[in-house]
1. For the stretch 37-74, which positions are in a helix (DSSP H, G or I) and touching a Phe, Trp or Tyr at 6+ places or on another chain (Cβ under 7 Å)?
2. Quick one: which residue in 74, 86 is at pLDDT 90 or above and surrounded by fewer than 21 Cβ atoms within 10 Å (Cβ to Cβ)?
3. Within the stretch 48-73, track down each residue that is more than 13 Å from residue 12 (Cα to Cα) and either in contact (Cβ under 8 Å) with a residue 60 or more places away in the chain or of a type in the set (Val, Ile, Thr) (or both).
4. Quick one: in the stretch 29-62, which of the residues that are β-branched (Val, Ile, Thr) and under 23 Å from residue 141 (Cβ atoms) is nearest to the chain's Cα centre (by Cα)?
5. Which pairs do you get when a residue that is among the charged types (D, E, K, R), found in the stretch 111-128, comes within reach of a residue that is crowded, with 16+ Cβ neighbours inside 10 Å and in a helix (DSSP H, G or I), reach meaning Cβ atoms under 8 angstrom, with the pair 6+ apart or on two chains?
6. Return a yes/no flag: does the stretch 2-23 have any residue that is assigned to a helix (DSSP H, G or I), closer than 21 Å to residue 144 by Cβ, in contact with a helix residue (DSSP H, G or I) (Cβ under 9 Å, 6 or more places away or on another chain) and β-branched (Val, Ile, Thr).
7. Determine if the stretch 67-90 includes at least one residue that is out of contact with any Lys or Arg (no Cβ under 6 Å at 6 or more places or on another chain) and closer than 19 Å to residue 38 by Cα.
8. Do you know which residues across the stretch 48-59 are surrounded by 14 or more Cβ atoms within 10 Å (Cβ to Cβ) and either of a type in the set (Val, Ile, Thr) or at pLDDT below 95 (or both)?
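The values are calculated or read from the model by the stated rules, or taken from the named source; none is laboratory data. All of these numbers come straight from a predicted model, not from anything done at the bench. Positions of Cβ are generated from backbone atoms using ideal geometry, with glycine treated the same way; all protein chains shown enter the neighbour counts.
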Amino acid sequence: MGQSFPKVKIIAVGKVKKGWLKDGIDLYTQRLPEIEFLEIKDSNPKAEANKVLGLLKTYDKLIVLSEDGKHFDSVTFGHWLGAEASGTLVFFIGGPTGVSHDLKQKADQILSLSAMTFPHEVARLLLLEQLYRGKTILQGGRYHK
């Protein structure tokens, strides 16, 4: 019997325009129907931060994606997800101009998908894949093997 997968919401700036990315995102969204996904309008980091903060609820934990955040390997990330199973994890993927310093200061965790910088659209696909991988790790599934 596996560990619980937390409630997850992903807030991302802008729309995905490339078809191949949409296909990948759709695949993992189907595999993770419990994840709520919200797109906000691309503006500037300060306005985006205000929008995100306005969307948070009392027991939400804000996880900001940034190349200067904490690094996990996939197994450790999966177990971290299991340990965070109370409340809702709200992952924020900023737009092409990045994430405001103020929002990073207010985050419960800053997470890096890699030391490399990716376009925000690619970061969505990578995050969804790692969430799916983490879920299968928690459930003892075969996907990660």
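1. Residues of the stretch 37-74 in a helix (DSSP H, G or I): 45-55, 74.
52 - this is the single residue of the stretch 37-74 that is in a helix (DSSP H, G or I) and touching a Phe, Trp or Tyr at 6+ places or on another chain (Cβ under 7 Å).
2. Details: 86 fails: at pLDDT 90 or above.
None of the others qualify; the one that does is 74.
3. 58
4. 35
5. What qualifies is 124/25.
6. Scanning the stretch 2-23, I find no residue that is assigned to a helix (DSSP H, G or I), closer than 21 Å to residue 144 by Cβ, in contact with a helix residue (DSSP H, G or I) (Cβ under 9 Å, 6 or more places away or on another chain) and β-branched (Val, Ile, Thr), so the answer is no.
7. Looking for residues that are out of contact with any Lys or Arg (no Cβ under 6 Å at 6 or more places or on another chain) and closer than 19 Å to residue 38 by Cα, one finds none in the stretch 67-90, hence no.
8. Scanning the stretch 48-59 gives a single hit, 52.
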